[in-house]
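Here the structure is laid out as structure tokens; the discussion comes afterwards.
The values are calculated or read from the model by the stated rules, or taken from the named source; none is laboratory data. Keep in mind the model is a prediction, meaning the values are calculated, not measured. Neighbour counts are summed over all protein chains in view; Cβ atoms, including those assigned to glycine, are modelled from backbone coordinates with ideal geometry.
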Amino acid sequence: MNLLLSYEVWFIAALLLVALDVVLGLDFILLSFGIGAAVTGSSLLLKDALPMPFTGSWEALLTFFAVFSLLILVPLRRWTKKPAAGQDDTDINKY
């Protein structure tokens, strides 16, 4: 579990999650988890300059990652939500 205390692992996980979301097209679900992994890795990278209480153990890091990812997921899903059928009258392809 010491690997979870390394910022490199979190950055690699972030890249993999974002790439999987782009390839699979999962409606930005994995993108929010990729952003969460990147923020978690950044907090580990900056823990000497900006000490944070959750960077001490892997349990606290996983909790921070999960909570932050879910907090990003809700607004991201609302922001990228497709309009319901019949609501988008500005489509140029309708004749």
Completion exercise
Among (1) at pLDDT below 90; (2) in a helix (DSSP H, G or I), Leu31 falls short only on (1)
Completion exercise
For Thr63, the lone unmet condition from (1) assigned to a helix (DSSP H, G or I); (2) surrounded by fewer than 17 Cβ atoms within 10 Å (Cβ to Cβ); (3) polar (S, T, N, Q); (4) at pLDDT below 90 is (4)
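For every residue, the table says whether it meets (1) within 21 Å of Thr80 (Cβ to Cβ); (2) of a type outside the set (Ser, Thr, Tyr).
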residue	(1), (2)
Leu20	yes, yes
Ser32	yes, no
Ala38	yes, yes
Ala49	no, yes
Problem - Hits in region 19-45 (condition: surrounded by 18 or more Cβ atoms within 10 Å (Cβ to Cβ), over 16 Å from Val67 (Cβ atoms) and without any contact (Cβ under 8 Å) to a residue 24 or more places away in the chain) - result: Asp21, Leu30
